[in-house]
Amino acid sequence: MLLREGLARLFEDGGHEVVASLTDAQHLAATIAGHRPDLVVIDVRMPPSFTNEGARAAEQIKQAHPDLGVLVLSQYIETAHAVDLVSLGGFGYLLKQRVLEVAEFLAAAERVARGGSALDPRVIASLVSPASAADDPLAELSGREREVLELMAEGLTNAGIAKRLVLSERTVEAHVRHVLMKLSIHESGDAHRRVLAVLAHLTAAQAQ
């Protein structure tokens with residue numbers, strides 16, 4: 001309840017209208033149909049079992065409303081649902097502690113509402129760090145390039161990455177070119193396609 005009320009206040013203070021606040025997913029579909037929001041924020045674990053109700057609700061929402069932004073919050077890193085859903089666009093998966101970084105959290109939520117992607121850096125890091133370095137297709141990346149890769153997959157633009165890492169945008173552009181070249185991913189001006197390309201590679205690497 002405290003998190004739900006806190007999120008509502010956070011969005012309102014950020015200049016957004018909160019049209020509904022629900023305790024579970026039971027009336028979620030009817031509420032979305034009645035209010036037609038730009039973004040839905042869901043806890044991955046909701047009543048009654050507190051397991052994966054939120055993840056299932058996110059999948060159902062995206063199937064019924066492909067253009068609706070869905071932001072899932074989780075206490076723990078659970079990559080299975082994140083990788084599957086981000087391919088649909090307008091989807092975000094963040095750990096709850098990211099809410100404390102208010103400006104970055106609101107920016108991620110707004111990006112998802114506009115149809116973009118937002119994956120928590122720790123979720124990305126868990127994909128970027130396979131168990132065996134010998135089988136790591138990312139082994140050629142430098143430490144800075146891995147940082148850039150994680151932020152690319154989080155959905156940030158080059159300008160956003162530059163601001164986060166306190167680098168010039170030209171330097172970030174060079175790092176992005178090197179990352180995409182080393183991973184054999186074709187460059188694209190479309191931010192979402194770039195996220196999908198990165199995630200596709202990371203998912204394949206995780207499966208090896």
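The values are calculated or read from the model by the stated rules, or taken from the named source; none is laboratory data. Here the structure is a predicted model, which is why all the values come from computation and not from measurement. So basically every Cβ, Gly included, is an ideal-geometry build from the backbone, and we count neighbours across all protein chains shown.
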Which listed residue, of L73, L68, is surrounded by 22 or more Cβ atoms within 10 Å (Cβ to Cβ), at pLDDT 90 or above and not hydroxyl-bearing (S, T, Y): L73
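For (1) closer than 21 Å to G89 by Cα; (2) in the same structural domain as G90 (by TED's automatic domain parsing); (3) not small (G, A, S), each residue gets a yes or a no:
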site	(1), (2), (3)
F11	no, yes, yes
S21	no, yes, no
R36	yes, yes, yes
I42	yes, yes, yes
E59	yes, yes, yes
V70	yes, yes, yes
Cβ pairs under 9 Å, 6+ apart, first in segment 149-170 and more than 16 Å from L119 (Cα to Cα) and free of Cβ contacts under 8 Å to residues at least 24 places away in the same chain, second assigned to a helix (DSSP H, G or I) and of a type in the set (S, T, Y): A162/T171; L165/T171
Leading residue by the ranking (surrounded by the fewest Cβ atoms within 10 Å (Cβ to Cβ)) among those in segment 142-158 that are at pLDDT 85 or above and not in a helix (DSSP H, G or I): S142
E145 being of a type outside the set (F, W, Y), in contact with a His (Cβ under 7 Å, 6 or more places away or on another chain) and over 21 Å from F105 (Cα atoms): yes
Subset tally (residues that are small (G, A, S), over 19 Å from E12 (Cβ atoms), modelled with pLDDT of 85 or more and more than 10 Å from the chain's Cα centre (by Cα)) for segment 76-119: 1
Selected residue (criterion: surrounded by the fewest Cβ atoms within 10 Å (Cβ to Cβ)) from residues of segment 38-64 that are over 16 Å from the mean Cα position of the chain (by Cα) and of a type in the set (G, A, S): S49
